[in-house]
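Participant: Sharing a structure with you now.
The values are calculated or read from the model by the stated rules, or taken from the named source; none is laboratory data. Given the structure is predicted, the values throughout are model-derived calculations rather than measurements. So basically every Cβ, Gly included, is an ideal-geometry build from the backbone, and we count neighbours across all protein chains shown.
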Amino acid sequence: MKKMVTLLLTVCLVLSLAACGGEKKQADEAEDQKTISGVVNQLGSYLVLLDSDGEYHIFDFGEDVDQSSLEEGDRVTVTYTGTLDNEDPSPVAVAVSETEG
């Protein structure tokens, strides 16, 4: 009987620890997202953004980004993951929204 109780408590402990691990990963992903604003300079299989400091930044498109609504010259805010100006891997635009300006 003691072995069954010990086994049951062990299983409960392992499951509770595994459940906590998933929440931390989701929180980390949300923290890694950053934003930058600028003008769409070039569109293709990637996005080139010209920021207010006159610097160009290249982004790959995330799966949920609707590229068809974007045109060169649009003022946008890009939400991205990764590091700016890093070529391998390039930062990934996870959301692009037009801004007025």
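Participant: Within the bounds of the range 51-68, is there any residue that is closer than 16 Å to Thr99 by Cβ, in contact with an Asp or Glu (Cβ under 8 Å, 6 or more places away or on another chain) and among the aliphatic types (A, V, I, L, M)?
Facilitator: no
Participant: OK, next. Quick check: is even one residue across the range 66-78 modelled with pLDDT of 95 or more, over 12 Å from the mean Cα position of the chain (by Cα) and of a type in the set (Val, Ile, Thr)?
Facilitator: Within the range 66-78, one or more residues are modelled with pLDDT of 95 or more, over 12 Å from the mean Cα position of the chain (by Cα) and of a type in the set (Val, Ile, Thr).
Participant: Residues of the range 53-73 being under 12 Å from Val39 (Cβ atoms) and buried (at least 16 other Cβ atoms within 10 Å of the Cβ), which ones?
Facilitator: His57, Leu70
Participant: Looking only at the range 34-45, filter to residues that are exposed (fewer than 14 other Cβ atoms within 10 Å of the Cβ) and hydroxyl-bearing (Ser, Thr, Tyr); which one of those is nearest to Glu100 (Cα to Cα)?
Facilitator: Residue satisfying both the conditions and the ranking: Thr35.
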